[in-house]
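Taking it in order: structure first as structure tokens, then the write-up.
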Amino acid sequence: MSLLTVLLLAAVVTYVLRVSLVTVVPAGQLPTIVREGLEHVSPATLAALVAVALVGGTHGGPALPVWLAAGFTAAVAWRTRNLLVTTGAGVGMLALLTWALS
């Protein structure tokens, strides 16, 4: 099976699952505890992605720019409490440090 076929099948399956969940179970019919729990999915996903980047995932340990950018991003998050500003500052700092230290 080619890579393109696998990607297309994954896209179709993902789309079908999303559409079926939205049409079968509208948000208004979800229990309150489920709706409240869903609010934590995005921050948890972002934290998981950052944790994998800091630990190094499967390709070895992280580079110095990643740790420096993570520290800077944590300071921005603590100071601003704004996800958009924090994400922009973190991505910008990582790009700047990667360019400067390479």
remark   = Being under 15 Å from the mean Cα position of the chain (by Cα), part of a helix (DSSP H, G or I) and exposed (fewer than 13 other Cβ atoms within 10 Å of the Cβ) narrows Ala51, Ala95 down to just Ala51
key: Members of the range 1-44 found to be exposed (fewer than 10 other Cβ atoms within 10 Å of the Cβ) and hydroxyl-bearing (Ser, Thr, Tyr), listed by number   = Ser2, Thr5, Thr23, Thr32
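Values quoted throughout were computed directly from the atomic coordinates according to the rules given, and no laboratory measurement underlies them. On a predicted model such as this, the values are computed, not experimentally measured, just so you know. Virtual Cβ from ideal backbone geometry, glycine too; neighbours counted across all protein chains shown.
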